[in-house]
1. How big is the dipole moment of the chain about its Cα centre under a simple scheme where the beta carbon of each Lys and Arg is +1, that of each Asp and Glu is -1, and everything else is neutral? Debye, nearest 20, please.
2. To the nearest Å, what is the center-to-center distance of segment 70-86 and segment 90-122, using C-alpha atoms only?
3. Please give the length that would be gained between W56 and F40 if that part of the chain were fully extended, namely 0.36 nm times their separation in residues minus their C-alpha to C-alpha distance (nm, one decimal).
4. Take the Cβ-Cβ distance between S122 and L85 as r, set R0 to 25 Å, and report the resulting FRET efficiency rounded to the nearest 0.05.
5. Mind listing P(r) for the chain? All alpha-carbon pairs, 5 Å bins, whole percents.
6. If I require 18 Å or longer along the helix axis, counting alpha carbons, and a Kyte-Doolittle average no lower than 1.0, what helices from the chain are left? Use full DSSP H segments.
7. Counting just the Cα atoms, what span does segment 25-69 cover along each of its three principal axes? Round to the nearest Å and put the largest first.
8. Name the most mobile residue of A57, A20, A45, meaning the one with the largest mean-square fluctuation, in a Gaussian network model of the chain with Cα contacts below 10 Å.
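Quick note: the coordinates plus some simple rules give every number you see, no bench work behind them. What you see is a predicted model, and the numbers here were worked out from it, not measured in a lab. Glycine gets a Cβ as well: all are built from the backbone with ideal geometry, and neighbour counts include every protein chain shown.
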Amino acid sequence: MTMNTNWKDLLLRFLLGGSAVVLSYAASVLLPWKALGGIFATFPAVMIVAVLMVGWAQGSARASEIARGSVYGMAGCAVCVVAVLYFMKTTGLWWLSLGLGLVCWYLSAFLIYKVRRSIKSS
């Protein structure tokens, strides 16, 4: 890839991902049903754009690998939400709760990946 292609690719990812985030945020704020707004707030924009861009540039087989790998991150998202809710309730500090939730997301996603990998290799 040339540098121009990399910049075009990055710009397209930014525009697609950013648009998805803005639309899901708008839906979460504007919809009168808060539960539905919460569902839109967790829209998997990064995963969708990653699979789309990799599929477009490198084909379906590589996009499938990205989608399979995203299962670990998505499972980690559930852990993140529970952790943020727990830490919000116990600390009352949104910024600390989000930070700890992100740590829990990464650690749980990585742990799930490692467990799955060890089961698969057994």
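1. Values: 10 positive and 2 negative charges, 64 e Å.
In total the dipole reaches around 300 debye.
2. So the two Cα centres are separated by 7 Å.
3. Details: separation 16, 0.36 × 16 = 5.76 nm, distance 2.53 nm.
In short, 3.2 nm is gained.
4. Numbers: r = 35 Å, r/R0 = 1.38.
For R0 = 25 Å, the calculated efficiency reads 0.15.
5. The calculated distribution, bin by bin, is 2, 11, 13, 16, 20, 17, 12, 7, 3, 1.
6. Working: long enough: 3-30 (40 Å, 0.87); 45-58 (19 Å, 2.11); 60-91 (44 Å, 0.87); 94-121 (40 Å, 0.76).
Sorted by number, the helices that extend far enough and score high enough are 45-58.
7. 40, 16, 10
8. Judging by the Gaussian network model, the answer is A57.
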